[in-house]
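For reference, the structure discussed in these notes is given below.
No value in this document is a laboratory result; all are computed from the given coordinates. This structure is a prediction, so every number in the text was calculated from the model and none was measured. Virtual Cβ from ideal backbone geometry, glycine too; neighbours counted across all protein chains shown.
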Amino acid sequence: MKKVYLETFGCQMNVSDSERIASVLASDGFEMTQNENIADVVLFNTCSVREKAEHKLYTRIGQIRKFAGRNPVVGVLGCVAQLEGETLFKKSDGIDFVLGTQAVGRISEAIGNVFEGQKGYVDLEKREENYDWSVTENQRHSPYVAFVPIIEGCNKFCTYCIVPFSRGREKSLPAADIIRHVIKLRQQGIKEVHLIGQNVNSYRPTNDSTLEKSRGATAFSKLLRAVAQTGMERIKFTTSFPRDFHPDIVEAINENENLCNWVHLPVQSGSNEVLRAMRRGHNIESYFKKIDTIKNSPRRLSLTTDIIVGFPGETYKNFQDTLKMIEYCRFDSSYIFKYSPRPGTPAFDIVDNVSPSEKKERFMELDGLQKLIQQEIFKSYINRTIKVLVEKASVKDDTQFSGHSTCQKVVNFKGSSELLGKIVDIKITEAKVNTLFGSVI
Ligand code: SAM
Ligand code: SF4
């Protein structure tokens, strides 16, 4: 049996794609391995959102090829594969085949062709009509949490972003398939599903007959209510696009206990000038309105975001608007990125007048303020009891366990393996900047 090692870079969508790639390979007679040193095939499922992730690919291929006495087939999959196509063979001579974002269902065919001696194999074609979105149980990243893609691609074309080019146009999956998928996962013992997509709340299926009986102001809030009806214990969703964030989403959450207390709403900047240059489709006033709705929700919803610092043309005054914005929003956590120029995007052609050192300083200043706010929020959990899904034991100490709360906080506590997969009450005793600590009650 040929052994395959698969390494994944980037977002949840890539993790989810990798789960399906591993499922296909396992059912086609390959054996998945965690050890690259014994693999006959090494696969990289790549990310192109920032330059760093792309560089990592070339470093890893170099490492694989250097290893003496072994010469596995190397395949590059995902976003970098889709964007670069056959030019990848020129960039690195350690690559045997290239498979684009929608071609991953044909992975076994690609490997088979390379084993038969085909050189320069590239498949960047569309997804098959009957593509199977399911994941076999032992290929899931967690035995208790499952990703459920509901929309792929992106139509928004924010000026800095490569995703619409690497992932193609938005395509919503049929609601009937999504509901069936969640029901099956529940039967398999999954406790938490994450409905995923670049912009889940832009969900717009071509035929929504399954949602006819579901109430809601948008197809997405109808879908949320319909998924809540499946009885799945916990439902989370990410990422939401601010312009399409309808207040009915907050209503749906409040009506259904199993829709979790968490919204991820990437703002990118606090400056209207920068937001315009980014072509985000929202301004800061409209964003604050959505934040107010989320903050005024009867159930406390935790709020997270993404921010880019040092976008070309961002002045220090613009950046100060971002500092003010995070003081207003008080995010439970933020993913802060330094702007990374991506060839092929409109922003790539704008002169980048924010120097690397200014980008770094802004990153540090924003991160420092976010950490202060975050520490205050996390400390407010001390002495409160919250529900946590017990997901794993610590690798260093098998009496220590961790999991996520409904508000998406990582919580650590002392426990035993019988708790795995259960939702338990944890009384919080200590708060660090990114994690909570507590004890089972
Ligand atoms: N679709 C989501 C949205 O618009 O909110 C985000 C998806 S994107 C893959 C994840 C995050 O990467 C973005 O929210 C943005 O902050 C960041 N990102 C995208 N392009 C970037 C770039 N060129 N440089 C730095 N960060 C970038
Ligand atoms: Fe990229 Fe904007 Fe699409 Fe998000 S919405 S994936 S940031 S283009």
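A few points about this structure:
- Sites THR87 and ILE382, calculated FRET efficiency, Cβ-Cβ separation with R0 56 Å, nearest 0.05: 0.55
- The simple Förster model, with R0 at 35 Å and r as the Cβ-Cβ distance, assigns ASN71 and LYS184 a FRET efficiency of 0.30.
- DSSP H segments from the chain that extend 24 Å or more along their own axis, Cα-based, with Kyte-Doolittle mean of -0.5 or above: none
- Placing a label point 7 Å from the Cα of TYR335 along the Cα-to-Cβ line, the residues of segment 385-416 whose backbone N sits under 16 Å from it are 408-410.
- Enclosed volume per residue, in Å³, of the convex hull spanned by Cα atoms of segment 314-441: 149
- Estimated from the Cβ-Cβ distance and a Förster radius of 22 angstrom, the FRET efficiency linking THR429 and LYS295 is about 0.25.
- Over segment 216-343, Cα pairs under 8 Å with separation of 6+ residues give a relative contact order of 25 percent.
- Each peptide in 225-231, 73-79 gets a packing score, the mean of other Cβ atoms within 10 Å over its residues, and the list from highest to lowest is 73-79, 225-231.
- What the Kirkwood sum gives for segment 238-390 is a hydrodynamic radius of 16.6 Å, with every pair of different alpha carbons counted.
- Cα-based Rg and Dmax for segment 15-86, where Dmax is the largest Cα-Cα distance (Å): 12.9, 35
- Amide H contacts of ALA146 (H built 1.01 Å from N, in plane; Pro and chain starts excluded): GLU192, VAL193, HIS194 sit under 5 Å, all sequence-distant by 5 or more or on other chains.
- If you wrap the Cα atoms of the chain in a convex hull and average its projected area over all directions, you get 21.8 nm².
- Burial ranking of peptide ranges 58-67, 189-198 (average Cβ count within 10 Å, highest at the top): 189-198, 58-67
- Computed lengthening from GLU31 to LYS56, 0.36 nm per intervening residue step minus Cα-Cα distance: 6.5 nm
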